[in-house]
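Please read the structure below before turning to the comments.
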Amino acid sequence: MQSARREIAIKVAAVTVFVNACVIIVASFLTEREEWGSDLPVVMILATALTVGVSWTLARQVQKSHALALELQRLVDRDRLTDVATRDFFFSEMEKRPNAHGVVLMVDLDRFKNVNDTHGHLTGDAVIRDVASLLAGNIRAEDMICRFGGEEFLIFLNRQDETTGASIGERLRAAVERRIIPVSQDETLRATISIGAAQMNSVAELTKAISLADDALYVAKEGGRNRLVVSWRDEVQDHFDQVA
């Protein structure tokens, strides 16, 4: 966003320089023409007004092209269905924060296939969109959320320790459980989510943290769904030891 603002400031400055240059050129040209006589001031005013008008039109075009560029960038960076970040944008932003640390949450809608099969894919889209909005609205601006794939979301809780991260994850789970989702004028649904959590000490550990959170999410699903499971407790390892 800062680079976009810097770009438009440069373009506005360029248009301003262009206006000033045009006025100077017109003034220099006209003052050298003796035949204008007493009409010279009027002609200069008209010429200057014309120059300013052309410059204003150019400035408007710059503004429109910049707005279009921002919208195109938003379409690339934001998931079209949910308007949260795309997976690619999430990772690119995290790479800019190499020293970031906190808690990673893998979030998955429970029994979502049943929603699609019973109510149709448009209703399924409405549920995904509503849950995404609820999750995004319950984290801070410095945190990040992306649609990881299908009905799954990835959340990074910046600078949160294990205790606080687990508390936030549980709060998100409870918020979705309480939510009555409007899917049409006369129909509402309820949904639940399962969450796996993992600690991340730096962005270099992001892939590992996602894998650990995914394992914890799997245990949450196997344990009955609508649960939060954290990777730093014995429950996850105990589960995989039993499976082995």
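Only the coordinates and a few stated rules stand behind these numbers; no lab work does. Computed from a prediction, not measured in an experiment: that's the story for all the values here. All Cβ positions, glycine included, derive from the backbone under ideal geometry; neighbour counts span all protein chains shown.
Note that segment 217-234 has calculated 3J(HN,Hα) couplings of 4, 4, 5, 4, 5, 5, x, x, 6, 6, 9, 10, 10, 10, 6, 8, 9, 6 Hz, one per residue in order, obtained from phi through the Karplus relation 6.51 cos²θ - 1.76 cosθ + 1.60 (θ = phi - 60°); glycine and proline are x.
Across the options ALA166, ALA216, ILE139, the greatest Cα extent toward the positive end of the charge dipole of segment 87-243 (unit charges at beta carbon of Lys, Arg, Asp, Glu) belongs to ILE139. Kirkwood Rh, Cα Rg: Rg to Rh for segment 87-243? So for segment 87-243, dividing Rg by the Kirkwood Rh gives 0.98. Highest mean packing first, where packing is the average number of other Cβ atoms within 10 Å per residue, the peptides 196-203, 122-129 line up as 196-203, 122-129.
Please give the net charge around ASN116, taking every other residue with its beta carbon less than 11 angstrom from that of ASN116, where Lys and Arg add +1 and Asp and Glu add -1. Residues close to ASN116 contribute a combined charge of -1.
Only alpha carbons enter this Debye calculation for segment 94-183, each as an equal point scatterer, and the log10 of I(q)/I(0) it gives at q = 0.12, 0.15, 0.26 Å⁻¹ is -0.40, -0.60, -1.40. Using 0.36 nm per residue and subtracting the Cα-Cα separation, the extra length available between ILE180 and ASN158 on full extension is 5.0 nm.
Shown here are the Rg and Dmax of the Cα trace of segment 153-231, at 14.3, 48 Å.
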